[in-house]
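Taking it in order: structure first as structure tokens, then the write-up.
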């Protein structure tokens with residue numbers, strides 16, 4: 001059903017994948033499950049935060065913010081309740097890793113959330129699962145019930161006097177709810193529109209209380225970081241992008257799949273060695289290295305590391321770890337249209353530059369994809385994208401503008417060719433009719 | 001009240017209503033809607049009124065979320081709702097052709113339901129199966145690496161089950 005593992009993988013988060021019944025707590029406990037939580041309790045909150053900082057873990061949801069620093073922003077001594085929220089609303093096109101983590105090893109996620117709960121002196125946590133991942137809800141609920149039975153959740157956890165309850169919450173289909181403040185609105189039972197920031201969720205999150213919000217993979221990473229120590233994790237990546245990450249490679253490669261690789265891995269190595277290279281006789285056209293939101297890379301720009309800083313330096317981003325590969329058979333105009341159709345559909349309508357911008361980009365790209373319009377339309381796409389960028393409430397507007405702007409800039413020739421081909425065809429069709 | 005739901009849905013509702021702090025029952029609205037829709041297939045005014053009462057919110061606060069989330073529906077779908085992803089990763093692996101095949105072989109358009117109410121189809125956005133593309137989801141069941149031939153088999157299985 002899923003892809004075969006690769007010999008190049010470094011299995012930290014995926015270490016229990018492939019073990020029979022890896023989702024069960026007895027199996028998890030036989031493979032060092034909940035040792036991280038016990039260690040966190042023994043270490044104390046300050047030491048846990050320092051350890052997460054030392055691991056150089058950066059948020060795996062898309063923004064790549066240093067997780068330890070985010071943890072240090074939570075006012076742990078606030079008299080308000082503190083909440084831990086896990087973002088399992090995975091919906092960035094190109095990304096399919098959180099699903100595997102929950103399906104194969106729900107206990108490493110529960111453990112990571114519990115470590116965060118203990119550290120933040122929180123008594124309540126929620127896992128926000130996208131509506132389409134319904135089968136994961138029962139997996140999580142079973143795993144949570146097991147964790148209660150073993151006193152890793154519930155009252156007086158492991159004799160500490162600390163109580164922590166964890167619940168699963170279902171979304172109902174909205175990409176926007178992956179944005180942290182929109183997720184919080186959705187979790188409060190409202191429409192999933194973003195909030196004006198600041199204040200940030202760290203101080204005014206769920207129910208206006210301090211809230212720690214992390215991606216599934218980030219919480220899972222914390223479990224292993226605390227158990228094995230920060231250095232053990234950090235050593236797999238460059239100084240400021242520690243550890244391994246689950247890289248989801250899709251598109252025109254021979255072995256698409258989700259592979260756990262060190263962040264020191266390079267893009268050519270991923271494509272050629274891990275994913276088996278392109279199909280025979282094909283050449284590389286482009287790569288989107290961080291989900292559909294990331295600016296596109298030309299083949300000559302692809303000699304780059306997959307860590308957060310290297311990709312930022314290359315003018316794109318590591319994003320959510322979804323690497324989409326396009327070979328010479330791909331129609332880049334249709335590809336750009338498909339991206340913008342997605343953002344137009346998912347724009348929450350809250351702010352005008354995004355709502356109107358994505359709608360107009362879609363209209364113009366539809367025209368271009370049909371071979372109508374002119375090169376002025378291509379310029380207009382670039383101009384619109386530029387004007388949307390940085391002017392929207394949340395990053396969805398940027399996410400729509402970024403790839404679109406980069407595609408019209410880097411593939412102008414493809415647009416020209418498409419227009420010329422269609423127009424030539426029209427003329428010849430006309431001649432035939434007259435003749 | 002005339003709305004009656006199964007014991008399973010009632011239990012799910014109770015569980016989710018108990019999951020939020022005192023005075024925060026509004027949080028339960030979206031999960032309550034989707035769990036109920038799984039049983040009823042459609043969100044009616046009556047259902048929204050009942051959820052408003054249980055979650056202690058205004059009717060309009062329920063109605064406004066139903067209009068926002070793409071999985072919440074006021075029109076009935078088929079017993080088997082076949083969702084075909086055509087987003088980038090699926091598109092590069094033949095997702096568009098698969099979607100066209102779905103429309104042509106079932107004689108249905110986007111979000112349309114067969115006359116017998118058995119099958120409906122929808123072109124959907126990324127469902128999180130990018131590395132095993134192209135993918136479809138039938139209700140909540142994922143199918144990966146779906147070729148047109150495999151699609152026909154899945155449809156035949158559905159028709160066999162009825």
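A short reminder: the numbers here are calculations on the coordinates, not readings from a lab. Since we're looking at a predicted model, the values are computed, not measured. Every residue, glycine among them, receives a Cβ derived from its backbone with ideal geometry; neighbour counts consider all protein chains shown.
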Q. How big is the C-alpha Rg of region A:166-274 next to the rule-of-thumb value 2.2 N^0.38 Å, as a ratio?
A. 1.35
Q) Separation between the residue A:423 and residue A:121 pseudo-spin-labels, each 7 Å from Cα along Cα→Cβ, expressed in nm? A) 6.9
Q | Relative contact order (percent, whole number), region A:1-154, Cα cutoff 8 Å, 6+ residue spacing | A | 29
Q | Pairwise FRET efficiency - residue B:114 versus residue A:240, Cβ, R0 = 56 Å, nearest 0.05 | A | 0.55
Q: On a 0 to 90° scale, report how tilted helix A:395-410 is relative to the longest principal axis of chain A, with both axes built from alpha carbons and the result rounded to the nearest 10.
A: 40
Q: Go from 0 up to the bin containing the longest alpha carbon distance in region B:51-130, width 5 Å each, and give me the % of pairs per bin.
A: 3, 14, 19, 17, 16, 12, 9, 5, 4, 1
Q.
Could you tell me the ratio Rg/Rh of region A:84-213? Both radii from Cα atoms, Rh via Kirkwood.
A. 0.97
Q) Label-point separation (nm) for residue A:363 and residue B:60, each offset 7 Å from Cα along Cα-to-Cβ? A) 3.1
Q) Between residue A:73 and residue A:31, how many nm apart are label points set 7 Å from Cα along the C-beta direction? A) 3.3
**Q.** Angle in degrees between helix A:45-54 and the longest Cα principal axis of chain A, rounded to the nearest 10
**A.** 30
Q) Going highest first, how would you order A:151-157, A:265-271 by mean Cβ packing within 10 Å? A) A:265-271, A:151-157
Q: Inverting the mean 1/r over all pairs of different Cα atoms, compute the Kirkwood radius of chain A and quote it in Å.
A: 22.6
Q) Where both partners of a DSSP beta bridge lie in chain A, what percent of those bridges are antiparallel, to the nearest 5? A) 40
Q) Working out 0.36 nm times the residue gap between residue B:18 and residue B:4, then minus their Cα-Cα distance, what length gain in nm do you get to one decimal? A) 3.0 nm
Q. How fast does region A:21-120 diffuse by Stokes-Einstein, in µm²/s, taking the Kirkwood radius from C-alpha pairs at 10 °C and 1.306 mPa s?
A. 107
**Q.** FRET efficiency, 1/(1 + (r/R0)^6) with R0 25 Å, evaluated for residue A:4 and residue A:273 via beta carbons
**A.** 0.95
(Q) Of all beta bridges DSSP finds with both residues in region B:1-149, what is the antiparallel percent, to the nearest 5? (A) 55
Q. Peptide B:117-125: average number of partner chain Cβ atoms within 10 Å per residue?
A. 2
Q. Counting pairs of alpha carbon atoms under 8 Å apart in space and at least six apart in sequence, what relative contact order in percent does region B:12-102 give?
A. 23
**Q.** Mean Cβ count within 10 Å, highest first, over the residues of peptides B:46-59, A:180-193
**A.** A:180-193, B:46-59
Q | Normalised contact order of chain A, rounded percent, pairs of Cα under 8 Å and 6 or more residues apart | A | 17
**Q.** residue A:155-residue A:80 FRET efficiency (beta carbon distance; Förster radius 25 Å; 0.05 resolution)
**A.** 0.75
Q | Crossing angle, helix B:95-106 versus chain B [Cα axis fit, 0-90 degrees, rounded to tens] | A | 90
